[in-house]
Amino acid sequence: MHGSSPAPLRSHHANGLKGILRVPGDKSISHRSLMFGAVAVGETRASGLLEGEDVVNTAKAMQALGAKVERTADGIWHIQGVGVSGLMSPKGDLDFGNSGTGVRLALGLMASTPLIARCIGDASLSRRPMGRVTVPLCEIGARFETAEGGRLPLTLHGAKDAVPITYKLPVASAQVKSAVLLAGLNTPGRTTVIEPVATRDHTERMLKAFGADIASETRDDGRHIAITGQRELKAQTIDVPGDPSSAAFAMVAALITEGSDISIENVMLNETRTGLITTLIEMGGDIAIEKRRLAGGEEVGDLRIRSSRLKGIKVPAKRAPSMIDEYPVLAVAASFAEGITHMEGLDELRVKESDRLAAVEAGLAANGVTTGSGPDWLAVEGGGVSGGGLVETHLDHRIAMAFLVMGLASLKAVRVDDGAMIATSFPNFISLMNGMGCRIEPER
Ligand code: S3P
């Protein structure tokens, strides 16, 4: 919602959260459904797609590049693809709003096709590093004109004769991995990404389902993922499962408020995404996974969560990629736990929608929680939260949602300076949370 006026919110103490809920579709799978559908042959249909601003911006971008994207009244999104070499220069700028995933994956998708596209985003996205994708995409043959520091606004000149590369990821990022693999779709020969640390694997799984020639194997230096390009993709029918990164807020809300007992149905449980569930269970959280099943190539299940007395633990660095978006709400859970929670391997938090490490620490301090931190670690001293503070969200949806959860169990209400960005990933967050007994309301 960049450009709109801030919407301050506050959340009050709550007890006894109850309900059976479903969270919106997974954001990663939603972006990919639109993008892969846009370069497939035939009509891809996606139900349960996240209809947040980030994903809607991706849908508009795919349309501007030549795909037909339409949502019918039954909530199904229909994407008529143009083939792996069929994307065209858009007439106007591609506006990715707040979304790093949207712009970075789209840059990869466009990089091996000779088109010209100018990409823009909001103030948060315009501060985020793009060199991590433009560097490998230049090796493939694309060119970029960027704002200072390699940032947005940025104009991409796609490669006329793309060349396949082998690229070892210098950062643990599924976005970078995906950008290179997507560039491989319209590149002759074999494009390989080496991933020393496993990150979310939706791109690999979904491309395989779309019929791409993609394979991965684990070697001494990590996972090698290779895609052979210039093979057409076949349109798919996709049922997008619930987003574990959105479920995270309801989970922590139920754990920290007394007398709560909730169920969240149809949550994706891909093991590259379940680090928070593992961590909360280690902290003593009463979380039961029921009805584990496979749906559309992903494991899903229903979660039952009951209020729990949490204890502080050490969260290992190697777990970070599987819960990279969940640290703000984990820090909130940790502030109600007994003892200290120590989180490591957090360097990537510095370059998310905000510097999330700094934003979390400042929000905790404003509400009376003692913390310690370094360049890539955070320690939170638990024992309860006085609250009463105002949290600066820096255009970051997850900072806003995490601290609204904090207010549910703090002594005094917690205020956030702006909840407008929540619409980027979880448009019905407030109604869903209030529906189970939370009290989140506009700040008067
Ligand atoms: C995403 C990857 C993650 C995550 C983001 C979504 C994706 O970013 O933070 O919300 O869909 O690939 P990085 O891979 O850059 O860590």
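The values are calculated or read from the model by the stated rules, or taken from the named source; none is laboratory data. All values reported here derive from a predicted model rather than from experimental measurement. Here the Cβ is made from the backbone with ideal geometry for all residues, glycine too, and neighbour counts use every protein chain on show. SASA here: full protein model, heavy atoms, side chains in, ligands and nucleic acids out. Shrake-Rupley method; radii C 1.70, N 1.55, O 1.52, S 1.80 Å.
Only a single criterion out of (1) within 14 Å of the ligand (Cβ to nearest atom); (2) assigned to a helix (DSSP H, G or I); (3) surrounded by fewer than 24 Cβ atoms within 10 Å (Cβ to Cβ) is not satisfied by Pro328, namely (3). Could you grab me the full set of residues in segment 52-74 that are assigned to a loop (DSSP other than H, G, I, E, B) and crowded, with 18+ Cβ neighbours inside 10 Å? Gly52, Leu65, Gly66, Ala67 - these are the residues of segment 52-74 that are assigned to a loop (DSSP other than H, G, I, E, B) and crowded, with 18+ Cβ neighbours inside 10 Å. Considering only residues in segment 163-172 that are without any contact (Cβ under 8 Å) to a residue 60 or more places away in the chain and crowded, with 17+ Cβ neighbours inside 10 Å, the one that is farthest from the ligand (Cβ to nearest atom) turns out to be Ile165. What tally of residues in segment 332-362 results from selecting those that are among the small types (Gly, Ala, Ser), more than 16 Å from the ligand (Cβ to nearest atom), open to solvent by less than 10 Å² (accessible area, probe 1.4 Å) and assigned to a helix (DSSP H, G or I)? Of the residues in that region, 3 qualify. Taking Ala209, is it in the same structural domain as Asp93 (by TED's automatic domain parsing), surrounded by fewer than 23 Cβ atoms within 10 Å (Cβ to Cβ) and more than 24 Å from Met62 (Cβ to Cβ)? For Ala209, the condition - in the same structural domain as Asp93 (by TED's automatic domain parsing), surrounded by fewer than 23 Cβ atoms within 10 Å (Cβ to Cβ) and more than 24 Å from Met62 (Cβ to Cβ) - is not met. I'd like to know if segment 115-130 contains one or more residues that are away from the ligand (no atom under 13 Å from the Cβ), at pLDDT 95 or above, buried (at least 24 other Cβ atoms within 10 Å of the Cβ) and more than 21 Å from Glu148 (Cβ to Cβ). No - not one qualifying residue is present in segment 115-130.
When each of Val82, Val103 is tested for being touching a helix residue (DSSP H, G or I) at 6+ places or on another chain (Cβ under 9 Å) and either assigned by TED's automatic domain parsing to the domain that holds Val351 or open to solvent by 10 Å² or more (accessible area, probe 1.4 Å) (or both), the lone residue that passes is Val82. Can you tell me which residue among Leu34, Leu49 is within 16 Å of the ligand (Cβ to nearest atom) and outside any helix (DSSP H, G or I)? Among Leu34, Leu49, only Leu49 is within 16 Å of the ligand (Cβ to nearest atom) and outside any helix (DSSP H, G or I). Scanning segment 302-325 for residues that are in a loop (DSSP other than H, G, I, E, B) and either within 14 Å of the ligand (Cβ to nearest atom) or surrounded by 23 or more Cβ atoms within 10 Å (Cβ to Cβ) (or both) yields a total of 3. Selection of first residues in segment 119-142 that are on the phi > 0 side of the Ramachandran plot and of second residues that are among the small types (Gly, Ala, Ser), restricted to Cβ pairs under 6 Å at least 6 apart or on distinct chains, gives the following pairs, ordered by first then second residue: Gly141/Ala159; Gly141/Ala162. Scanning segment 45-91 for residues that are among the basic types (Lys, Arg) and within 23 Å of the chain's Cα centre (by Cα) turns up Arg45, Lys60, Arg71. Note on segment 173-206: among residues that are more than 16 Å from the ligand (Cβ to nearest atom) and in a strand (DSSP E or B), the one that is least open to solvent (accessible area, probe 1.4 Å) is Thr191. Among the residues of segment 10-45, those identified as among the hydrophobic types (A, V, I, L, M, F, W, C), surrounded by fewer than 24 Cβ atoms within 10 Å (Cβ to Cβ) and farther than 25 Å from Val416 by Cα are Ile20, Val41. Once segment 67-114 is narrowed to residues that are within 16 Å of the ligand (Cβ to nearest atom) and without any contact (Cβ under 8 Å) to a residue 60 or more places away in the chain, the residue that is nearest to Leu395 (Cα to Cα) is Phe96.
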